[in-house]
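The values are calculated or read from the model by the stated rules, or taken from the named source; none is laboratory data. Just so it is clear, the structure is predicted and the values come from calculations on it, not from any experiment. In this analysis, Cβ positions are derived from the backbone assuming ideal geometry, glycine residues included, and neighbour counts consider all displayed protein chains. Ligands, DNA and RNA are excluded from the accessible area calculation, which covers all protein heavy atoms including side chains. Shrake-Rupley method; radii C 1.70, N 1.55, O 1.52, S 1.80 Å.
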Amino acid sequence: MVAVGSILAVSACGGGESGGGEGDSFSIGVSQLVQHPALDAATEGFKKSFEDAGVDVEWDVQNAQGEQANATSIAQQFASDDLDLVLAVATPAAQAAAQAISDKPVLFTAVTDAEEAGLVDSNDKPGGNVTGTSDLNPVEEQLKLVKDVKPDAKTVGIVYSSGEVNSQVQVDLAKKAAKGLDVKIKEATIANSGELAQAVDSLGKVDAYYVPTDNNVVSAVSTMVQAAEKNKALLVGSEAGQVESGAAITRGIDYTKLGEQTGEMALKILQDGKKPAEMPVETSSNLELVVNPKAAKAQGVEIPKKLVEEADKVIE
């Protein structure tokens, strides 16, 4: 269990009262499952919302290093600490926090399906002390990019974690979308990021790879990039950080903005006295098309000029 954050303000140490205004100070614990660009961006966006509101926070930011046991330990620590609120980043971290903490608000972000993960009674009416924001991907739109860039593609390989509910949801959506795109999904599962290279090899020859927002896969996305380049297979990501790391293209969520959105929910709880039980799980409508022409070339494909011109961000 490694602390990756720093204290921004020490003017309060727990006990922040709701209904306050300017000059408020709060103590917040953050449990992030693993370090990778999407989750890092969500955490930073969350913190930024407090900075923009001029609210002082004493932060305790912990990283579970991708280990569920660490996430459980962090959650148990936060349960006994004098905190005003806890943020859990990614589904396994949120599940650990929800199980351990019952007497203080818990917000989550970067969770694909809160209902399926058992975090809330329903997305519309969470019903407990837990709510937050979903990063459910536009999987069908992302898979369609395979055909937009490589029209003759027939097979798409996906590697995902067998223990992540959010990943299974995305794979099921990909299979459903594949039927209408005339492509076949080939899948392999892993228990941790160390198994990724072997799992990719087990897929055999494919025309493209798709990377869901799976924490074990994303934390080792360089392995997917190497496989895509070696096998001349298009690599489609699910968020901008993956494209910056070598995927060719995505149409995905802006995780910084998702984090900010979660922070705004937290401010409503801490300052306005809102109850998580009555705050529906929110989703992001901020999708961005991100392309990496150089990465695509290394994968043996060329991104159509039309997509490059439409892109919100071109990675040079």
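Check THR155 against each of (1) out of contact with any strand residue (DSSP E or B) (no Cβ under 7 Å at 6 or more places or on another chain); (2) open to solvent by 10 Å² or more (accessible area, probe 1.4 Å); (3) over 15 Å from PRO92 (Cα atoms) and name the one condition it does not meet.
The number of the failed condition is (1).
Please go through segment 23-32 and give me each residue that is touching a residue at least 60 places away in the same chain (Cβ under 8 Å) and open to solvent by 10 Å² or more (accessible area, probe 1.4 Å), ordered by number.
Passing the criteria: only ASP24.
Inside segment 158-181, can you point out the residues that are free of Cβ contacts under 8 Å to residues at least 24 places away in the same chain and touching a strand residue (DSSP E or B) at 6+ places or on another chain (Cβ under 8 Å)?
GLN168, LYS175, listed by residue number.
If you check LYS184 against the conditions, is it outside the structural domain of ALA110 (by the TED database), modelled with pLDDT of 95 or more, within 20 Å of LYS144 (Cβ to Cβ) and open to solvent by 40 Å² or more (accessible area, probe 1.4 Å)?
yes
Wholly within segment 47-114, which strands (runs of 3 or more DSSP E) include no fewer than the required count, namely at least 2 residues that are buried (at least 22 other Cβ atoms within 10 Å of the Cβ) and among the polar types (S, T, N, Q)?
It comes to 56-63.
Can you name every residue in segment 229-261 that is closer than 20 Å to VAL308 by Cα, part of a helix (DSSP H, G or I) and out of contact with any helix residue (DSSP H, G or I) (no Cβ under 6 Å at 6 or more places or on another chain)?
Within segment 229-261, ALA240, VAL243, GLU244 meet the criteria.
Looking only at segment 105-127, decide whether some residue is closer than 18 Å to LEU267 by Cα and either out of contact with any helix residue (DSSP H, G or I) (no Cβ under 9 Å at 6 or more places or on another chain) or outside the structural domain of ILE269 (by the TED database) (or both).
no
If you check every pair at least six apart or on different chains, which have Cβ atoms under 6 Å apart with a residue in segment 292-316 that is assigned by the TED database to the domain that holds GLN226 first and a residue that is open to solvent by 90 Å² or more (accessible area, probe 1.4 Å) and not acidic (Asp, Glu) second?
Final answer for the pair search is GLY300/LYS232.
Looking only at residues in segment 262-295 that are in a loop (DSSP other than H, G, I, E, B) and of a type outside the set (Lys, Arg), which one is nearest to ALA233 (Cα to Cα)?
Checked segment 262-295; the qualifying residue nearest to ALA233 (Cα to Cα) is ASN292.
Kindly indicate the residue of segment 296-309 that is open to solvent by 60 Å² or more (accessible area, probe 1.4 Å) and in a helix (DSSP H, G or I) and also nearest to THR133 (Cα to Cα) among those meeting that condition.
Among those residues, the one meeting the criterion is GLU309.
Pairs under 7 Å by beta carbon, first residue on the phi > 0 side of the Ramachandran plot in segment 62-83, partner assigned to a helix (DSSP H, G or I) and surrounded by 22 or more Cβ atoms within 10 Å (Cβ to Cβ), six or more apart or different chains?
Between residues of segment 62-83 that are on the phi > 0 side of the Ramachandran plot and residues that are assigned to a helix (DSSP H, G or I) and surrounded by 22 or more Cβ atoms within 10 Å (Cβ to Cβ), the close pairs are GLY66/ASN215; GLY66/ASN216.
Which of the numbered conditions does ALA94 fail, given that it passes all the others? Conditions: (1) free of Cβ contacts under 8 Å to residues at least 60 places away in the same chain; (2) over 19 Å from VAL218 (Cβ atoms); (3) within 15 Å of the chain's Cα centre (by Cα).
The number of the failed condition is (2).
Looking at segment 195-210, can you tell me whether even one residue there is among the aliphatic types (A, V, I, L, M) and open to solvent by 50 Å² or more (accessible area, probe 1.4 Å)?
Yes, segment 195-210 contains at least one residue that is among the aliphatic types (A, V, I, L, M) and open to solvent by 50 Å² or more (accessible area, probe 1.4 Å).
Could you check segment 271-288 and list, in sequence order, the residues that are more than 30 Å from LYS313 (Cα to Cα) and open to solvent by 60 Å² or more (accessible area, probe 1.4 Å)?
Across segment 271-288, the qualifying residues are ASP272, LYS274, LYS275, GLU278, PRO280.
Take the residues in segment 158-181 that are open to solvent by 50 Å² or more (accessible area, probe 1.4 Å) and among the small types (Gly, Ala, Ser), then tell me which one is modelled with the highest pLDDT.
The selected residue is GLY180.
Among VAL236, VAL243, which is the only one that is buried (at least 24 other Cβ atoms within 10 Å of the Cβ) and touching a Leu at 6+ places or on another chain (Cβ under 6 Å)?
That would be VAL236, the only listed residue that is buried (at least 24 other Cβ atoms within 10 Å of the Cβ) and touching a Leu at 6+ places or on another chain (Cβ under 6 Å).
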